[in-house]
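Data block below; observations after.
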Amino acid sequence: MPRQWYNITADMPNKPLPPLHPGTKQPIGPEDLAAIFPMELIKQEVASERYIDIPEEVRSLYLSFRPSPLFRAVNLEKALGTKSKIYYKYEGGNYSGSHKANTAIPQAYYNKMEGVRRITTETGAGQWGSAMSYACHHFGIELLVFMVKVSYNQKPGRKLLMNTYNAKVIPSPSTMTSAGRAVLEKDPDSPGSLGIAISEAVEVAIQDPYTKYALGSVLNHVVLHQTIIGQEAMLQFDKTGDYPDVVIGCFGGGSNFAGITFPFLREKLVNGKNTRFVAVEPSSCPKLTKGKFMYDFGDSAGMTPLLPMYTLGHNYMPDKIHAGGLRYHGAGAIVSQLLKDGFIEAKAKMQRECFEAAVLFARNEGILPAPESSYAIAGALDEARRADLEGVSKTILFNLSGHGHFDISAYEKYFENNLPDHELTKAEVEEALSHIDIPI
Ligand SMILES: *Cc1c(COP(=O)(O)O)cnc(C)c1O
């Protein structure tokens, strides 16, 4: 298992633009973030060194489930009749069932080291909340989770898992915060969104000096922690004698995509390797393919710093697709800059095609994918089919970001032919963006 995380900003030709203060619109300093994050994570957020050591206590907990396996999907390849090789890195084999544990553990650890007693956070589908629940309990920190209401209702098992790990879970929007009450006043039946849940969690954190906030995606330090995935995959690929022509990840805020791709992208930036990188997002929440690159808030109420990102607008309420972890209006600053500079590609897909790919995968590889991960599988199938049409053989790597054991009712809907497809049009995106007023 690698001993360091990889910070890609050290190798980027154009560094990501700085976050701005929501009031002054000036670049923020570390002290502006100190109310909600521990200093060590703030330092990682702006770090310029290429590699950052993984602390020993984090490493030893990682070792209970890492290295995660890299599999060659031989049975899937046979079923497709493809000439290509398909590999996947499986991040669902830990206590949280997803890659989120890779950042939950260091985030809880750094908070513990700085004397934090309670953490607030949001969760969409529940994977991040589960990941934080166990990590916080391990390090003796209380956890309060605002869970997007539609997921809270769709996935009671996730809530109970968080309770089992000793966390308190509240459906969002809630009446506990002014951000939540404002949403409920306008729409008492609001299904919630990650943006709203973030506002609630941040609001609670800034009111108490012993409470800090944690985010499961988007931010630079989260992306940094996830690079353990790609670092391991590179070492594992060394043993196979293969090297990927294309690396694929599903895309919510960008953390698992960045995690698997950045170490390989370094080989492209520094050593001229010719690998392609494809992010796959839902057609109903297409920030990368239809959003605009601009400064926007990370949350709905506009309490977070302004980040330079591809966005649908912080007020955008994504359709209730089953891949709850992909229902986020924006994208991380680093990934956004890399997309803008043409180092990575993005595509959008409808959920039925992705469930079809997930079922094909489950029947051949024996792992039930998280609905989020099914977007990466569908992306990998596209690559294999295209290579076959072109008469070539490619080596394809995708990240299987999590398992779908808590999402079985979404599979039921797919089998009943009861999964609507939804695509956001360019006009709807422009409509959504016209409501946000950020004078930059
Ligand atoms: C949270 C989550 C995602 C989406 O988040 P990213 O930050 O884009 O990785 C994808 N897959 C699973 C299983 C998740 O839990």
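No lab work stands behind these numbers, since they all come straight from the coordinates. In this text, all values refer to a predicted model and were calculated from it rather than measured experimentally. Note that each Cβ is placed from the backbone with ideal geometry, even for glycine, and that neighbours are counted across all protein chains shown.
Here are the numbers:
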{"read-out": "Average Cα contact separation per residue, segment 45-100, under 8 Å, 6 or more apart, as relative contact order %", "value": "27 percent"}
{"read-out": "The chain: relative contact order in percent, alpha carbon pairs under 8 Å with at least 6 residues between", "value": "19 percent"}
{"read-out": "Efficiency of FRET from Cβ geometry, residue 210 and residue 57, R₀ 30 Å, rounded to 0.05", "value": "0.90"}
{"read-out": "Helix axis angle, 220-240 relative to the chain longest principal axis, alpha carbon, degrees", "value": "20 degrees"}
{"read-out": "Sequence-distant lysines (8 or more away, or on other chains) whose Cα lies within less than 17 Å of residue 100", "value": "89, 159"}
{"read-out": "Helix axis angle, 373-389 relative to the chain longest principal axis, alpha carbon, degrees", "value": "30 degrees"}
{"read-out": "Cα centroid separation - segment 80-152 against segment 43-73, whole Å", "value": "14 Å"}
{"read-out": "Nearest 10 degrees, 0 to 90: helix 101-113 Cα axis against the chain principal axis", "value": "30 degrees"}
{"read-out": "Computed label-point distance, nm, for sites residue 271 and residue 34 using a 7 Å Cα→Cβ extension", "value": "4.2 nm"}
{"read-out": "Measure of compaction for segment 301-377 (Cα Rg per 2.2 N^0.38 Å)", "value": "1.32"}
{"read-out": "Efficiency of FRET from Cβ geometry, residue 48 and residue 389, R₀ 41 Å, rounded to 0.05", "value": "0.40"}
{"read-out": "Those lysines that a straight Cα-Cα span of less than 17 Å connects to residue 287, excepting residues fewer than 8 apart in one chain", "value": "320, 340, 347, 349, 426"}
{"read-out": "Cross-link reach list, lysines versus residue 83, counting only Cα pairs under 16 Å and skipping chain neighbours closer than eight places", "value": "394"}
{"read-out": "Percent antiparallel among DSSP beta bridges (both partners in the chain, rounded to 5)", "value": "30 percent"}
{"read-out": "Among 46, 247, 218, residue whose mean-square fluctuation peaks in a GNM of the chain (springs only between Cα atoms under 10 Å)", "value": "46"}
